[in-house]
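The values are calculated or read from the model by the stated rules, or taken from the named source; none is laboratory data. No experiment lies behind these values; they were computed from the predicted model shown. Reconstructed Cβ throughout: ideal geometry from the backbone, glycine too, with neighbour counts over all protein chains shown. Keep in mind that these areas ignore ligands, DNA and RNA; they rest on the heavy atoms of the full protein, side chains included. Shrake-Rupley method; radii C 1.70, N 1.55, O 1.52, S 1.80 Å.
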Amino acid sequence: MARLPGLVTASALALAAAIAPASAQEALHVAWYGGNWGDAFKACVADPFTKATGVAVVPEVGTSTVTLAKLQQQKDAPTIDVAWMDGGVSELAEAAGVLAPITEKGVPNLKDALPQAVYSNANGTYAVGTGYYSLGLTYNTKEIPQAPTSWNDLWKPEYADAVTIPSPANSSGVPFLFFLHKIWNAPAGDFAPVFAKIKELKPALFFDSSGAASNAFQSSEAIIGAHFNVGAFDLAAKGLPIGFTVPKEGVWATDARLHLVKNAPRAEMAQKFIDTALTPAASQCLAEKLFLGPSVKGVNVSPETAAKLPWGAKGSVETLYLLNWTEVNAKRAELVDTWNREIARK
């Protein structure tokens, strides 16, 4: 009889463990970007998910390429359950065999995603977008009071030595070459006219990172050039004289995509997390905080936010130039080599 209290206590503990919320047993591991991106993902998706399920979220902070490297290293025994990665890296992850299919059974809100934001192949849906961002024309409103109207304005003599565009070292560099190839109607597969035109540009710098672009605009080293709408409006929010515009030729864009990791240790909760990200509330929140173009149907944003979305105040996802990343990745090494020989060493 003296042992009964101990037995009861042990049984109670076992029962408590069995019925304890998932958060008390195991957290969900989600790979996302750093800085204000990670802050927004937490506020818009992770916190509502935790509130609804009781499951804590542990962020694995890193760039898309860093996340892909982790997934490849962990392929046989992953610790990450869900991963945000950009377009381009998303296709590489699928080819590497580290992703599991996303289905409407596991993620009911998948049906409400825009068709352009659902990425599928013969294996099923391997990624879903959670918001678009674009590389547009960014300019110093003090130096350039009237918004530029064309990408060709970068070559105007008055902007010599005060222009910035991305180098291929930046994730936007090679896609930007594809975009210029399109708007200049260069022959199919021939990038020689694009490189010839870039050789005529007189830049302040070719930026290797988005941070370098922001620093150049902040210091006025650059007064006009290419930058992401997210970065440009972040500078403007800090009180800097920075404008962002969608020129007449348009802009190229990509999206921040969610992926279900193959053999994720917490697959059921991982799917619930993705489902949370595909709600109108989450999409609206990401639009308000990061100016991401909503990838979910039925999202309404304030007029102020609408003007800062990747397609501009009057555009939509239909007006964005969305890349074929399989083509981009196939051409990437060749274009980087040409850039290094003809531009970087000039």
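Suppose every Lys and Arg Cβ carries +1 and every Asp and Glu Cβ carries -1, with no other charges. What dipole size does segment 216-298 come out with about its Cα centre, to the nearest 20 debye?
240
Using a 1.4 angstrom probe with every protein chain in place, what is the largest-first accessible-area order of Val301, Val317?
Details: Val301 45, Val317 15 Å².
These residues rank, largest area first, as Val301, Val317.
Please list, by residue number, every one of the trypsin sites (Lys or Arg not before Pro) in segment 243-320 that is coil in DSSP and has at most 16 other beta-carbon atoms within 10 Å.
Details: sites: Lys248, Arg257, Lys262, Arg266, Lys272, Lys289, Lys297, Lys308, Lys314; in loops: Lys248, Lys262, Arg266, Lys297, Lys308, Lys314.
Loop-located and lightly packed - Lys248, Lys297, Lys314.
Apply the Karplus curve 6.51 cos²θ - 1.76 cosθ + 1.60, θ = phi - 60°, to the phi angles in segment 257-265 and return the couplings in whole Hz, x for Gly and Pro.
After applying 6.51 cos²θ - 1.76 cosθ + 1.60, I find 10, 9, 9, 8, 6, 5, 6, 4, x Hz.
Using only the Cα atoms, what convex hull volume per residue in Å³ does segment 212-321 have? Mind dumping the intermediate values first?
Details: hull volume 15.0 nm³, N = 110.
Once divided by residue count, the hull of segment 212-321 is 137 Å³.
Return a whole-number percent for the relative contact order of segment 113-199, with Cα pairs under 8 Å and 6 or more residues apart as the contact set. Please list the in-between numbers first.
Working: 36 pairs, mean separation 10.4, N = 87.
Relative contact order for segment 113-199 comes out at 12 percent.
For segment 197-307, what % of the accessible area comes from carbon and sulfur atoms, probe 1.4 Å?
Details: 2010 of 4220 Å².
Using a 1.4 Å probe with all protein chains present, segment 197-307 comes out at 48 percent carbon and sulfur.
Just want to confirm a number: the relative contact order over segment 173-311, from Cα pairs under 8 angstrom separated by 6+ residues, in percent.
Relative contact order, segment 173-311: 17 percent.
Of Thr305, Thr149, Thr130, which has the largest mean-square fluctuation in a 10 Å C-alpha GNM of the chain?
Looking only at Thr305, Thr149, Thr130, the biggest GNM fluctuation is shown by Thr149.
If you average the sequence gap of Cα pairs under 8 Å that are 6 or more apart and divide by the length of the chain, what percent do you get for the contact order? Mind showing how you got there, number by number?
Numbers: 588 pairs, mean separation 86.5, N = 346.
Relative contact order here is 25 percent.
Of the cross-linked pairs Lys238/Lys289; Lys272/Lys331; Lys272/Lys297; Lys197/Lys314; Lys262/Lys289; Lys199/Lys248, which ones have a Cα-Cα span greater than 25 Å in the structure shown?
Values: Lys238/Lys289 14 Å; Lys272/Lys331 36 Å; Lys272/Lys297 19 Å; Lys197/Lys314 30 Å; Lys262/Lys289 30 Å; Lys199/Lys248 23 Å.
The answer is Lys272/Lys331; Lys197/Lys314; Lys262/Lys289.
Let's test this: bin the Cα-Cα distances of segment 41-161 at 5 Å from zero up to the farthest pair and state each bin's percent.
Pairs per bin, as whole percents: 2, 8, 14, 16, 16, 12, 8, 8, 8, 6, 2, 0.
When the expected Rg is taken as 2.2 N^0.38 Å, what fraction or multiple of it is the alpha-carbon Rg of segment 94-251? Before the final figure, lay out the partial values.
Details: Rg = 18.5 Å, N = 158, 2.2 N^0.38 = 15.1 Å.
Working it through for segment 94-251, the quotient is 1.23.
Semi-axes of the equivalent ellipsoid of segment 248-312: what are they in whole Å, largest first, if each equals the square root of 5 times a C-alpha gyration tensor eigenvalue? Numbers along the way, then the final one.
Details: eigenvalues 151, 43, 12 Å².
After scaling each eigenvalue by five and taking roots: 28, 15, 8 Å.
Go through [x] 1.02; [y] 0.98; [z] 1.06 and flag the label whose value is the computed Rg/Rh (Cα atoms, Kirkwood Rh) for this structure.
Entry [z].
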